[in-house]
Ligand SMILES: Cc1cc2nc3c(=O)[nH]c(=O)nc-3n(C[C@H](O)[C@H](O)[C@H](O)COP(=O)(O)O)c2cc1C
């Protein structure tokens, strides 16, 4: 067996598909696609998300200290993935283009294609 790393090996790692949202200090809303959401503890229920520091969502999470996670269904259209996963809230108002409700912690919960959601 070759010792060279085959990038296709990464295809064997399973992961989910989520929208992580937050809000800025002055109440602006944003969110992004993430697949790096995972359970930390069951009791109390805690989850974590790995968010790139360059993302606007990261800045909002830092500012507000809160985030929500919508667990997405498999049949998410490519336009939705493009909006939340390939564009930044610095350039486009993402939340104006989807259905969401505002959670008690102030961050939006994206409802489109969501199987369930978590909030702090
Ligand atoms: C399938 C997929 C999975 C992604 N997973 C993550 C992730 O786990 N963490 C992350 O920081 N960015 C992830 N991204 C990239 C962000 O969604 C992307 O950079 C987004 O444009 C950031 O938006 P923002 O600047 O409005 O926060 C993923 C994108 C896609 C398409």
Exercise. Going highest first, how would you order 40-46, 78-84 by mean Cβ packing within 10 Å?
Worked result: 78-84, 40-46
Problem set entry | Mean Cβ count within 10 Å, highest first, over the residues of peptides 16-24, 63-71, 3-11 | 16-24, 63-71, 3-11
For this session: Enter the Cα centre distance for the pair the range 1-43 and the range 100-120, rounded to the nearest angstrom.
Result: 17 Å
Problem set entry | Per-q log10 I(q)/I(0), the chain, q = 0.22 Å⁻¹ (Debye; single scatterer per alpha-carbon; no solvent) | -1.31
For this session: State, to one decimal in nm, how far the label point of residue 39 lies from the label point of residue 88, with both points 7 Å from Cα in the Cβ direction.
Result: 3.5 nm
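All of the numbers you see were taken from the coordinates with simple rules; none came from a lab. What you see is a predicted model, and the numbers here were worked out from it, not measured in a lab. Cβ atoms come from the backbone with ideal geometry, glycine included; neighbour counts cover every protein chain shown.
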